[in-house]
Amino acid sequence: MPTYECPICHTKTTCARPEDAPYRPFCSERCKLVDLGRWLNEEYRVREELPVDQPDDKLDDPRRELPGGGADV
Ligand SMILES: [Zn+2]
């Protein structure tokens, strides 16, 4: 009988057939959702960090051309 360990809660689960374990490699839908939530959190974090660099370049240029902004020269 195939046995697998849930990567979230490390519960060892045995199933007679792969069709009997719809949440594999997780032991339950709850652990599957926990894993999904972790991935989404990672993605949100990366997405928030990336645009910080790109618009910064564009914002920097017009700011330098402003007459009153000579503080950084
Ligand atoms: Zn689990």
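The values are calculated or read from the model by the stated rules, or taken from the named source; none is laboratory data. Not measured: the values here are computed from a predicted model. Cβ coordinates were reconstructed from backbone atoms using ideal geometry, including for glycine residues, and neighbour counts include every protein chain displayed.
A few notes on this one:
- Test: residue in the range 20-32 that is modelled with pLDDT under 90 and of a type in the set (S, T, N, Q): no
- Residues being surrounded by 10 or more Cβ atoms within 10 Å (Cβ to Cβ) and either more than 9 Å from the ligand (Cβ to nearest atom) or assigned to a strand (DSSP E or B) (or both) - total across the range 1-24: 11
- Near pairs, Cβ below 8 angstrom, 6+ apart or cross-chain, from the range 3-17 (in contact (Cβ under 8 Å) with a residue 24 or more places away in the chain) to any residue that is in a loop (DSSP other than H, G, I, E, B) and within 10 Å of the ligand (Cβ to nearest atom): C6/P25; C6/F26; C6/C27; C6/S28; P7/P25; P7/F26; I8/F26; I8/C27
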